[in-house]
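The values are calculated or read from the model by the stated rules, or taken from the named source; none is laboratory data. Remember, it's a predicted structure, so these values are computed and weren't measured experimentally. Here Cβ is always computed from backbone atoms with ideal geometry, including for glycine, and neighbour counts include all displayed protein chains. Heads up: the accessible areas ignore ligands, DNA and RNA and are worked out on the full protein's heavy atoms, side chains in. Shrake-Rupley method; radii C 1.70, N 1.55, O 1.52, S 1.80 Å.
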Amino acid sequence: MSDDRPLCVKMRASRKCEHVSGAERIVCERDVPKTLSALAERALRHSKGRPDFINLKVEEPGAIERLRALDVATNKTSTPEEGLAKAAMLLKDAGVNRAEDIIALLRDSYSMRGAMLVDADTLERLEPDRERGVRATRMDAAESLQSGAFCGKNHFAEAIVLATKVANAPGIVGEVCISDDPDYVTGYVASKSIGYQRITVMKEMGDSCGGRIFLYRGSHEGVAETIRYLETQSVIVEGTSQNAHNPNAPVRASIGDELKSIAEAGLSRRCREMDAATGPVASVVCSDGCVRELVVMASNDYLDLARDPRVTEAAAVAVRKWGAGSGGSRLTTGTQPPHLALERHLAAFKGVEACVLYATGYMANVGVLTALARKGDLILSDELNHASIIDGCRLSGADVVVYRHLDMDDLAHKLSKHGNAQRVIAVSDGVFSMDGDLLDLPRFLEICRAGGALSIVDEAHATGVVGATGRGLSEHFGCGHPDVIIGTLSKALGAEGGFACTTQEIADYLVNKSRPFIFSTAPGAASVAAGDAALSVLEAEPWRVAKLKENVAFFVSELAANGVSAATDSAIVPILLGDERRATMAAAELEKQGFLISAIRYPTVAMGSARLRVAVMGSHTRDQLSAAARAVSAIR
């Protein structure tokens, strides 16, 4: 046979069954050995880590279709927020109306091995295997058929080849993609009508999350032919070398340009000045610069303890006795009697052996995760976990597998599939701060114990709120405790600081290994004493928890009476609006009507899932809650 005949060469690399790298070439037979060598080298040097399995395959390509590369345009963006907003605009240009919903759906493709195949109009998932997805294979640039063609890695050229094939598949009206390579932040939107639209920034550098969605429009009967074309039709794309010139040229924008882009995307933020201590009503410096009294429905001080005279007096006494600051870390001069007293108090309140205080709840999550997990370990994390958990996972160096939100079957499946690491940790919020929903703690603990995983639950929004006396999820469900309970003093307890309640052994380990504990100045005695006093008030007055729950139920019923559907398991009531600008405009209008309610937008929540986040307090009156429900209904 002629050594000029084309052959398809495929490489797939994985580590612990998780995808690391994949690539394909269609080359002349004489170039197969060096192509195999180049692809193996590429797999071994991938920025996602060294694989433990590499599959190399050579096969006949069958009939080859030749396509002209899509026209290429570059859209310069400076932030992921701007990039995702631009992607939504480009999808609309391609005739896809539900663009924001599709961008929000992109996150669900991150854990898939292939692409998501979605009906562009109904958003129905069409791929036969939702874990595997659909893989576009058997494609290359025409230059690869030239003897001696370069087999190295060129993200830009390879993306043009793939996008061109996908755009020419029957029924496909568009594609959106973010690379999962942590060293590559660029993504694209592509279709026959708009070409290949490169977006220079769609995620943060170092982020290994990425995925793609193929958008289909047509009958259900046509889906099988679309998948057949994507997965088995061999394609050679001509003209990529002209379009892929200098793909890695840096794109720099000034800080001012970035701020402008953030504002244009409806994602600009500012600090709001509170002109008085925050309670159910407070003096607020409004957006027009005027000071007005507003009903505050954005504070996490759920039990209104921040202003309680017993709490503030405890802080005042402590600051006079122990000074304004601790003067050092907990391991030098920063451990005072108030710190030890609060640790004992919190451990007893949560029903565990020991407690370790941190300066903030954020630092508690980062400190616990980075101490307990390291390279070679595995963390299983809910997809909607708080940013502090996400950052702790990333900083730990462990492999991170994300499971579907509150899907305990998915957690169990992924634990059984990936649970052969040195140490396995499962971590979840107890109450999810943007949705108000609750972890099924008994099932979570059952799965962790069966799979040999350490269990960590963040009860920042559960302490003082969930359970008959506010002790959290274990009290609510009448079950055991996680291995580590993370919490904060800054929400229902009205003070400042974070904590980890756990066994004495793990507490000792954190004192020796947790960098935020070791290398941070200890919180001052005033905030520690305030937290201790607030905890005593909570224990003495459990009616505060019951009153909060009554207010939440009343507010949700008032919303329903005014035509607004909402539900919650906590003090957080989300009201979904979708569009980012709509949420900010709604919050601004509510401010004019006398209510301070937060607009929550990307990146705090997924693009296209912006919302009003109402935080109910036990001290809100029924008149205030009724008026707020009517105001929310009017602006929706």
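When you scan segment 249-359 for helices (runs of 4 or more DSSP H) that lie fully inside it, which ones turn up with 3 or more residues that are at pLDDT 90 or above and out of contact with any strand residue (DSSP E or B) (no Cβ under 9 Å at 6 or more places or on another chain)? Before the answer, list the steps.
On the way: elements: 255-264, 309-322, 337-350.
Ranges flagged: 309-322, 337-350.
For segment 10-33, a residue qualifies if it is surrounded by 22 or more Cβ atoms within 10 Å (Cβ to Cβ) and not in a strand (DSSP E or B), and exactly one does: 31. Can you tell me which residue in segment 49-91 is modelled with the lowest pLDDT, limited to those that are of a type in the set (Lys, Arg) and either closer than 29 Å to residue 236 by Cα or buried (at least 16 other Cβ atoms within 10 Å of the Cβ) (or both)? Checked segment 49-91; the qualifying residue modelled with the lowest pLDDT is 57. Among the conditions (1) open to solvent by 50 Å² or more (accessible area, probe 1.4 Å); (2) touching a Leu at 6+ places or on another chain (Cβ under 9 Å), residue 508 misses just one, which is (2).
Name the residues in segment 577-610 that are in a helix (DSSP H, G or I) and open to solvent by 30 Å² or more (accessible area, probe 1.4 Å), would you? Full working, then the answer.
Taking segment 577-610 as the starting set, the residues that turn out to be in a helix (DSSP H, G or I) are 580-592.
Those that are in a helix (DSSP H, G or I) and open to solvent by 30 Å² or more (accessible area, probe 1.4 Å): 581, 582, 584, 585, 588, 589, 592.
One line per residue, one yes/no per condition, for (1) of a type in the set (Asp, Glu); (2) over 20 Å from residue 383 (Cα atoms); (3) open to solvent by less than 10 Å² (accessible area, probe 1.4 Å):
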{"position": "438", "(1), (2), (3)": "no, no, no"}
{"position": "441", "(1), (2), (3)": "no, no, yes"}
{"position": "462", "(1), (2), (3)": "no, no, yes"}
{"position": "470", "(1), (2), (3)": "no, yes, yes"}
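Among the residues of segment 550-562, is any crowded, with 24+ Cβ neighbours inside 10 Å, of a type in the set (Val, Ile, Thr) and closer than 19 Å to residue 280 by Cβ? Yes, the conditions are met somewhere in segment 550-562.
If you check residue 31 against the conditions, is it touching a strand residue (DSSP E or B) at 6+ places or on another chain (Cβ under 8 Å), in contact (Cβ under 8 Å) with a residue 24 or more places away in the chain and acidic (Asp, Glu)?
Values: touching a strand residue (DSSP E or B) at 6+ places or on another chain (Cβ under 8 Å): no; in contact (Cβ under 8 Å) with a residue 24 or more places away in the chain: yes; acidic (Asp, Glu): yes.
In short, no.
Just one residue in the set 176, 201, 185, 223 is surrounded by 19 or more Cβ atoms within 10 Å (Cβ to Cβ), at pLDDT 90 or above, among the β-branched types (Val, Ile, Thr) and out of contact with any Leu (no Cβ under 7 Å at 6 or more places or on another chain); that residue is 201. Within segment 611-636, restricting attention to residues that are within 27 Å of residue 305 (Cα to Cα) and among the polar types (S, T, N, Q), the residue that is most open to solvent (accessible area, probe 1.4 Å) is 621.
Do you know which residues across segment 92-111 are in a loop (DSSP other than H, G, I, E, B) and open to solvent by 20 Å² or more (accessible area, probe 1.4 Å)? Before you say what the answer is, go through the steps one by one.
At the first step, the residues of segment 92-111 found to be in a loop (DSSP other than H, G, I, E, B) are 94-98, 110-111.
If the condition is that a residue be in a loop (DSSP other than H, G, I, E, B) and open to solvent by 20 Å² or more (accessible area, probe 1.4 Å), then 95, 97, 98, 110, 111 are the ones that fit.
Of all residue pairs spaced 6 or more apart or on separate chains, those with beta-carbon atoms under 9 Å, a first member in segment 276-301 that is closer than 16 Å to residue 587 by Cβ and touching a residue at least 40 places away in the same chain (Cβ under 8 Å) and a second member that is of a type in the set (Ser, Thr, Tyr) and part of a strand (DSSP E or B) are 292/283; 294/283; 297/598; 298/598.
For segment 351-386, which residues satisfy the criterion of being charged (D, E, K, R) and under 28 Å from the mean Cα position of the chain (by Cα)? Matches in segment 351-386: 374, 375, 377, 382, 383. Scanning segment 529-576 for residues that are in a helix (DSSP H, G or I) and among the small types (Gly, Ala, Ser) turns up 529, 530, 531, 533, 534, 536, 540, 546, 553, 557, 560, 561. Condition check: in contact with a strand residue (DSSP E or B) (Cβ under 6 Å, 6 or more places away or on another chain) and open to solvent by 20 Å² or more (accessible area, probe 1.4 Å). Does residue 36 satisfy that? So residue 36 passes the test. Scanning segment 356-383 for residues that are open to solvent by 10 Å² or more (accessible area, probe 1.4 Å) and more than 23 Å from residue 420 (Cβ to Cβ) yields 359, 360, 361, 362, 363, 366.
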